[in-house]
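Every number here is computed from the coordinates shown, using simple stated rules; none is lab data. Just so it is clear, the model here is predicted, and its values are computed rather than measured. So basically every Cβ, Gly included, is an ideal-geometry build from the backbone, and we count neighbours across all protein chains shown.
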């Protein structure tokens, strides 16, 4: 009705199957690495990533609570907060007008 029935599938060589499997595996690995790298770039390079990192610390590190207001910048560059409160067990620290920037170890020498 829709043409002749398909004949048997052509036989694919084992080498071609091996190469196709290696290419697919390599492509998947490269894509995974790119996604992880993009995630780290977002965490370190944006204010939203910095706030998410603080949220992860609050959620997964027992005994530490970090509350911030007025966050700006990124962890990989200059960043700061209008106010920061850090509570570790019973001790707490309150900072106002905090600004920080990473310093290269070469600059310290």
Within the chain, helix-based [θ] at 222 nm, where runs of 4 or more DSSP H residues each add -39,500 (n - 2.57), nearest 500: -15500 deg cm²/dmol
In degrees, nearest ten, helix 47-60 long axis to first principal axis of the chain (Cα): 80 degrees
Reciprocal mean inverse distance between Cα atoms of the chain - Kirkwood radius, Å: 18.7 Å
Nearest 10 degrees, 0 to 90: helix 14-45 Cα axis against the chain principal axis: 20 degrees
Potential extension, residue 18-residue 40 segment - 0.36 nm per residue separation minus Cα distance: 4.6 nm
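Computed FRET efficiency, Cβ-Cβ of residue 47 and residue 96, R0 22 Å: what is it to the nearest 0.05?
Numbers: r = 19 Å, r/R0 = 0.85.
Result of the calculation: an efficiency of 0.75.
Normalised by the number of residues in the chain, what is the relative contact order in percent for Cα pairs under 8 Å and 6+ residues apart?
Relative contact order here is 16 percent.
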Point-to-point label distance, residue 28-residue 72, nm (Cα→Cβ direction, 7 Å offset): 4.6 nm
